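Notes for the one structure printed next.
The values are calculated or read from the model by the stated rules, or taken from the named source; none is laboratory data. Please read all numbers here as calculations on a predicted model, not as lab measurements. Cβ: placed from backbone, ideal geometry, glycine included. Neighbour counts: every protein chain shown.
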Amino acid sequence: MTLLLGIDLGTSNIKAVLFDPDTRQIVAVAGEEYPLHKPKSDRAEQNPDDWWEVAARVVRWALAQADRDDVAAIGFSGQMHGTALIGHDGRPVRPAIIWADQRSAEQCRQLVEPIGAEAYTRIAGTLPAAGFMGPTLLWLRQNEPDSLRQARAALFPKDYVRFKMTGDIATDFSDAASSGIFNVQGHSWAANVVAAAEIPEALLPKAYLASKVVGQLQSDAAAKLGLRAGIPVTAGCGDQPAQAVANGLIASGVASLSIGSGGQVFIPVRPPDGELKTDPRCHVFNHAIPDTFFVLSAILSAGLSLRWLRDLLHMSDDDLSFTILNQEASRIAPGADGLIFQPYLYGERTPHMDAYARGSFIGLSYYHTRGHLARAVMEGIAFAMRQAFEVGLSVSEPVNAVIGAGGGMQVLFMRQLVADVVGQPIRMTTMTEHAGVGAAWLAGIGAGVYRDAEDACTRNLAYEASVEPDAKRHAFYNERYEQYKALYPLLREEFHRLSHDPSRV
């Protein structure tokens, strides 16, 4: 048997994962970070060519680790929502505008207004949020019309890397749904929304199922990657459905709480009557597998909040810094001695859907140390995840198991903290690199290695013992959670005033 290659394009880095279906093991992982640019306070951009150049390097490194290059298929997982415009010469027209960008808050309102919030949510499964492709394209039409005129296509981040490999313009249903201008039940672009916003529909790529082979690796790209030409390349999917596949979230009754750069609650749904429930505070998108959707509640600054704290404190740019912060936080009592952190550094999605929300420490005193700050940040992330989980449960079927996912949940202290706050046992699979592995398994479905996602999960999945919530800490956190929830309504108006401060240049 040959290897399956999953390429996971995240917000902070990209990883190449080589998976061996025979041994059911990851045989190599390589990763590298790339920059996130903030040209203004409400902007978040990346250079698409950074994605491609780093992707090529990490694939070569992974192949060197494995000392093998017998790859049967390539799949993708990627940060969702973002927009990379490519010109007719195949080059980026401008820097990519990614999910954390907040410039298009006003365009979200403009998209919804002609249709109405309820009708819009029924079509798209969500209200648009700043950073989604739909409002981003509308912002570009209004503010950078030359960029749209020069563009051949608007691609999601992972699709740009696949375009560089195959020359084919395509996306998958999950990423298309994350644009906010896709008809999730019709599996097509929402023509009335697109037309009302005067977004050029010709820019929008055709969408496919994640495991569909949509191209072959071209010779020049193959040489750059260290692979043979002609390898089938599948559509891939967003990072959340990819990690869900590798965590066994392919049917109703189970949920995942994922902490990476952002935080996500993922709950698969297969509505028995064909009618999806929706809620404007969360998203209902197409899954990577047939006839399945998922409820996604998202917070914008989970791991990014801890990364912000690390950088603010001038700690070194490596994993050891996070280890130190975790150790110092673990020595502080629950509640961080009266300190609460709101993780709204990039605005917030679930439950507030507010691009102008802002982060804050409440209760800060001279007594507080670096460990207190770290503990408060981690507790704030956990409180935000609980709010997102509660919203997700309101529109899904009952859940009887919770899976931890993402790099943040690999840390036992954080996993225990989330279990204590949410009040649910949390278990992890024995697999690691879930998004990259999910991308590899979906590629394996496309290549005929697996019959379907159920076959892949049955063959490969095992679970660790659950982390159980501590009843005493959960009772304490219930009280602190109520305080946390009360803060946003009190501060919302001030957040908005600060965001629109006329003294800002």
Original post:
Only one of (1) in the same structural domain as PHE341 (by TED's automatic domain parsing); (2) under 23 Å from SER261 (Cα atoms); (3) crowded, with 17+ Cβ neighbours inside 10 Å is not met by HIS368, so which one is it?
Top reply: (2)
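Being over 30 Å from LEU276 (Cβ atoms), outside the structural domain of VAL59 (by TED's automatic domain parsing) and touching a helix residue (DSSP H, G or I) at 6+ places or on another chain (Cβ under 9 Å) is the requirement here; does LEU442 meet it? Before you say what the answer is, go through the steps one by one.
Working: over 30 Å from LEU276 (Cβ atoms): no; outside the structural domain of VAL59 (by TED's automatic domain parsing): yes; touching a helix residue (DSSP H, G or I) at 6+ places or on another chain (Cβ under 9 Å): yes.
Taking the combined requirement at face value, the residue does not satisfy it.
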Original post:
Is there a residue being charged (D, E, K, R) and farther than 19 Å from THR11 by Cα anywhere in segment 121-136?
Top reply: yes
**OP:** Within segment 432-458, work out how many residues are surrounded by 14 or more Cβ atoms within 10 Å (Cβ to Cβ) and assigned to a helix (DSSP H, G or I).
**Re:** 17
Subject >> Residue check for ILE267: outside the structural domain of GLY167 (by TED's automatic domain parsing), modelled with pLDDT of 95 or more and of a type in the set (Val, Ile, Thr) >> reply: yes
Original post:
Could you say whether any residue in segment 377-396 is part of a strand (DSSP E or B) and over 16 Å from LYS485 (Cα atoms)?
Top reply: no
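Go through segment 50-75 residue by residue and tally those that are touching a helix residue (DSSP H, G or I) at 6+ places or on another chain (Cβ under 7 Å) and part of a helix (DSSP H, G or I).
The first filter runs over segment 50-75 and keeps only residues touching a helix residue (DSSP H, G or I) at 6+ places or on another chain (Cβ under 7 Å), leaving 51-52, 55-56, 59-60, 69, 73-75.
Keeping just the survivors that are part of a helix (DSSP H, G or I) gives 51-52, 55-56, 59-60.
Residues that pass the stated criteria total 6.
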**OP:** Select from segment 1-49 the residues that are part of a strand (DSSP E or B) and at pLDDT below 95 and list them in ascending order.
**Re:** ASN13, GLU33, HIS37
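Going through segment 188-201 one residue at a time, which ones are among the aliphatic types (A, V, I, L, M), more than 26 Å from the chain's Cα centre (by Cα) and more than 12 Å from GLY134 (Cβ to Cβ)? Lay out the reasoning, then the answer.
Start the filter on segment 188-201 by keeping residues that are among the aliphatic types (A, V, I, L, M), which leaves 190-191, 193-197, 199.
Remaining after also requiring more than 26 Å from the chain's Cα centre (by Cα): 195-196.
Selection gives ALA195 alone.
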**OP:** Having 1 or more residues that are touching a residue at least 24 places away in the same chain (Cβ under 8 Å) and closer than 22 Å to GLU45 by Cα is the bar; report the helices (runs of 4 or more DSSP H) wholly within segment 98-195 that clear it.
**Re:** 105-112, 133-143, 145-150, 157-166, 173-177
Original post:
List pairs: first in segment 262-285 and more than 15 Å from SER252 (Cβ to Cβ), second hydroxyl-bearing (Ser, Thr, Tyr) and surrounded by fewer than 16 Cβ atoms within 10 Å (Cβ to Cβ), Cβ under 9 Å, 6+ apart or cross-chain?
Top reply: ASP279/SER394; ARG281/SER394; CYS282/SER394
Original post:
Counting only residues that are under 20 Å from the mean Cα position of the chain (by Cα) and of a type in the set (Val, Ile, Thr), which one in segment 427-465 is nearest to VAL214 (Cα to Cα)?
Top reply: VAL437
Original post:
Filtering segment 411-431 down to residues that are of a type outside the set (Val, Ile, Thr) and free of Cβ contacts under 8 Å to residues at least 40 places away in the same chain, which residue is surrounded by the most Cβ atoms within 10 Å (Cβ to Cβ)?
Top reply: LEU417
Original post:
What are the residues in segment 464-473 that are over 16 Å from SER330 (Cα atoms) and part of a helix (DSSP H, G or I), if any?
Top reply: ALA471, LYS472
Original post:
Quick check, is ILE231 touching a strand residue (DSSP E or B) at 6+ places or on another chain (Cβ under 7 Å), among the β-branched types (Val, Ile, Thr) and more than 30 Å from PRO114 (Cα to Cα)?
Top reply: yes
Original post:
Restricting attention to segment 120-143, and to residues there that are hydrophobic (A, V, I, L, M, F, W, C), modelled with pLDDT under 95 and out of contact with any strand residue (DSSP E or B) (no Cβ under 8 Å at 6 or more places or on another chain), which single residue is surrounded by the fewest Cβ atoms within 10 Å (Cβ to Cβ)?
Top reply: LEU127
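Would you mind finding the one in ALA117, ALA73, ALA96 that is surrounded by fewer than 17 Cβ atoms within 10 Å (Cβ to Cβ), touching a Pro at 6+ places or on another chain (Cβ under 7 Å) and not β-branched (Val, Ile, Thr)?
Details: ALA73 fails: surrounded by fewer than 17 Cβ atoms within 10 Å (Cβ to Cβ); ALA96 fails: surrounded by fewer than 17 Cβ atoms within 10 Å (Cβ to Cβ).
Sole residue among the options that is surrounded by fewer than 17 Cβ atoms within 10 Å (Cβ to Cβ), touching a Pro at 6+ places or on another chain (Cβ under 7 Å) and not β-branched (Val, Ile, Thr): ALA117.
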Original post:
Only one of SER147, SER188, SER211, SER174 is touching a strand residue (DSSP E or B) at 6+ places or on another chain (Cβ under 7 Å), surrounded by fewer than 20 Cβ atoms within 10 Å (Cβ to Cβ), hydroxyl-bearing (Ser, Thr, Tyr) and modelled with pLDDT of 95 or more; which?
Top reply: SER147
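List the strands (runs of 3 or more DSSP E) inside segment 286-374, counting only whole elements, that have at least 1 residues being among the polar types (S, T, N, Q) and closer than 30 Å to ALA242 by Cβ.
On the way: elements: 293-299, 340-342, 360-362.
Passing ranges, in order: 293-299, 340-342.
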Subject >> segment 400-410, residues that are surrounded by fewer than 17 Cβ atoms within 10 Å (Cβ to Cβ) and either at pLDDT below 90 or not in a strand (DSSP E or B) (or both) >> reply: ASN400, GLN410
Original post:
Quick one: would you say GLY236 is in contact (Cβ under 8 Å) with a residue 24 or more places away in the chain and within 21 Å of VAL421 (Cβ to Cβ)?
Top reply: no
Original post:
Across segment 11-39, what is the number of residues that are in contact (Cβ under 8 Å) with a residue 40 or more places away in the chain and either more than 17 Å from LYS164 (Cα to Cα) or assigned by TED's automatic domain parsing to the domain that holds TYR346 (or both)?
Top reply: 13
Original post:
If LEU461 satisfies every condition in (1) of a type in the set (A, V, I, L, M, F, W, C); (2) surrounded by 22 or more Cβ atoms within 10 Å (Cβ to Cβ); (3) over 29 Å from ARG331 (Cα atoms) but one, which is the exception?
Top reply: (2)
